[in-house]
Every structure is written in structure tokens, then in C-alpha cells.
Amino acid sequence: EVLAKFGSLLVEKFIPGRELTCGVVELAGAEVLPVVELRPKKGELFDWEAKYSPGACEFLCPAPLSPPEREKVARTAWEAFSALGCRDFARVDLRLAPDGTPYVLEVNTLPGMTEVSTLPRAAAAAGLPYDKLVVGLVERALSRPKENPN
């Protein structure tokens, strides 16, 4: 019925596990920020309600991971950032399966940048305050040689 209505569809396997996000920033050099775990207070999924309703989700930063899990998630986030040719900053959303395998759900190249968004929270946990993060990203962009649009 859905296929007939829309002409095509994408079906993905559901991956059970922990909802994680990991920011990557390039200021003085590339840095993978502390991993954040998102724990919705209702249900298992980090859905629209959990994301946008005040108090509907607990953000654990740094995420309570074992050192090998933390390393594996950080490496996976960096590899996704690099493979897609990202620059400056991005947030990589992942699911950590029960067997310890991190799966990339998406790479967000324009993540939320309010003081309470996950990437700035992780930067603060790494000792990079919000104002220095934002100023550093702006300075990096301004120092880049102008690209010829042709």
C-alpha cells in the first residue's frame, strides 16, 4: 500500500541498543568530543517528543561507557566524519548494539548550536566553553581562502 502510494520506499533494519551522539570539531586540530548518551524518560526511542519536550530525555555526558566502547564509538564517529569529507564540525549519531558494535545512524553537518545542544555540551565537558567553541569555528571559517564559485 505504501509502495503503491509513494512509488518507492526505504526499509532499514532496527538496531536495538543505546542511543549515542559524538561531536567532532576541527579547531587547532581535529578533536572527537566526549560521547553523549541520550536516555528518553518514556519509551526506548529518542523521538521528536524526547528531543523537543523539556525534561523528556536525560543527557549523560560523558556517556557511561567502558574504555573500549568509548574508543570504538569515537573512532567510528571520526571515520564517518572523515569519509564524508566533513570539515569544521559535525555531530555523529550512533546506536551501540548489545554486542558492542557502534552503528552510524546519521552525520549531522549542521547540529544544534545552542548552549544546551549536545555538541556544545560535549565541548564544555572537554573543557571548551561555548563562547570559545563558537568564536573558534567562526575564525576558522574566516581564515579559509575564499573559494571560487566557478
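The values are calculated or read from the model by the stated rules, or taken from the named source; none is laboratory data. Computed from a prediction, not measured in an experiment: that's the story for all the values here. In this analysis, Cβ positions are derived from the backbone assuming ideal geometry, glycine residues included, and neighbour counts consider all displayed protein chains.
Just name the residue that is nearest to residue 144 (Cα to Cα) out of those in segment 1-43 that are of a type in the set (D, E, K, R) and assigned to a loop (DSSP other than H, G, I, E, B). Talk me through it step by step, then tell me what you get.
At the first step, the residues of segment 1-43 found to be of a type in the set (D, E, K, R) are 1, 5, 12-13, 18-19, 26, 31, 37, 39, 41-42.
Filter once more, keeping what is assigned to a loop (DSSP other than H, G, I, E, B): 1, 12-13, 41-42.
Numbers: 1: 50, 12: 38, 13: 40, 41: 43, 42: 44 Å.
Going through the qualifying residues, I end up with 12.
Restricting the first residue to segment 1-16 and requiring it to be modelled with pLDDT of 90 or more, which pairs with a second residue that is part of a loop (DSSP other than H, G, I, E, B) meet a Cβ separation below 9 Å and a spacing of at least six or different chains?
From segment 1-16, the pairs are 15/97; 15/101; 16/44; 16/97; 16/98.
In segment 61-120, which residue that is in contact (Cβ under 8 Å) with a residue 40 or more places away in the chain, among the charged types (D, E, K, R) and touching a Gly at 6+ places or on another chain (Cβ under 9 Å) is surrounded by the fewest Cβ atoms within 10 Å (Cβ to Cβ)?
Per the stated criteria, the residue is 95.
How many residues, within segment 37-90, are among the aliphatic types (A, V, I, L, M) and in contact with a Phe, Trp or Tyr (Cβ under 6 Å, 6 or more places away or on another chain)? Explain how you work it out, then say what you get.
Keep residues of segment 37-90 that are among the aliphatic types (A, V, I, L, M), which gives 38, 45, 50, 56, 60, 63, 65, 73-74, 77, 80, 83-84, 90.
This time we only want the ones that are in contact with a Phe, Trp or Tyr (Cβ under 6 Å, 6 or more places away or on another chain), so: 38, 90.
Selection size over segment 37-90: 2.
Quick one: which residue in 12, 31, 19 is of a type in the set (Asp, Glu), touching a strand residue (DSSP E or B) at 6+ places or on another chain (Cβ under 8 Å) and under 21 Å from residue 98 (Cβ atoms)?
Details: 12 fails: touching a strand residue (DSSP E or B) at 6+ places or on another chain (Cβ under 8 Å); 31 fails: under 21 Å from residue 98 (Cβ atoms).
Answer to the check: 19.
On the given criteria, is residue 132 more than 26 Å from residue 20 (Cα to Cα) and not aromatic (Phe, Trp, Tyr)?
On the way: more than 26 Å from residue 20 (Cα to Cα): no; not aromatic (Phe, Trp, Tyr): yes.
The answer is no for residue 132.
Restricting to segment 85-116, name every residue that is farther than 19 Å from residue 27 by Cα and hydroxyl-bearing (Ser, Thr, Tyr).
Matches in segment 85-116: 101, 103.
Give the residue that is farthest from residue 61 (Cα to Cα), with candidates limited to residues of segment 124-150 that are surrounded by 10 or more Cβ atoms within 10 Å (Cβ to Cβ) and among the small types (Gly, Ala, Ser).
141
Would you confirm whether any residue within segment 30-38 is at positive phi, out of contact with any Cys (no Cβ under 7 Å at 6 or more places or on another chain) and of a type outside the set (Ser, Thr, Tyr)? Walk me through it before giving the result.
First pass over segment 30-38, keeping only residues at positive phi: none.
No.
Here are 46, 81, 59: which of them is among the aromatic types (Phe, Trp, Tyr) and in a helix (DSSP H, G or I)?
On the way: 46 fails: in a helix (DSSP H, G or I); 59 fails: in a helix (DSSP H, G or I).
From the options 46, 81, 59, the qualifying one is 81.
If we keep just the residues of segment 106-131 that are among the aliphatic types (A, V, I, L, M) and in contact with a Leu (Cβ under 6 Å, 6 or more places away or on another chain), which is nearest to residue 40 (Cα to Cα)?
Filtering segment 106-131 down to residues among the aliphatic types (A, V, I, L, M) leaves 107, 110, 113, 116, 119, 122-126, 128.
Pick out the ones that are also in contact with a Leu (Cβ under 6 Å, 6 or more places away or on another chain) and you get 107, 122-123, 126.
On the way: 107: 20, 122: 18, 123: 22, 126: 24 Å.
The extreme case among them is 122.
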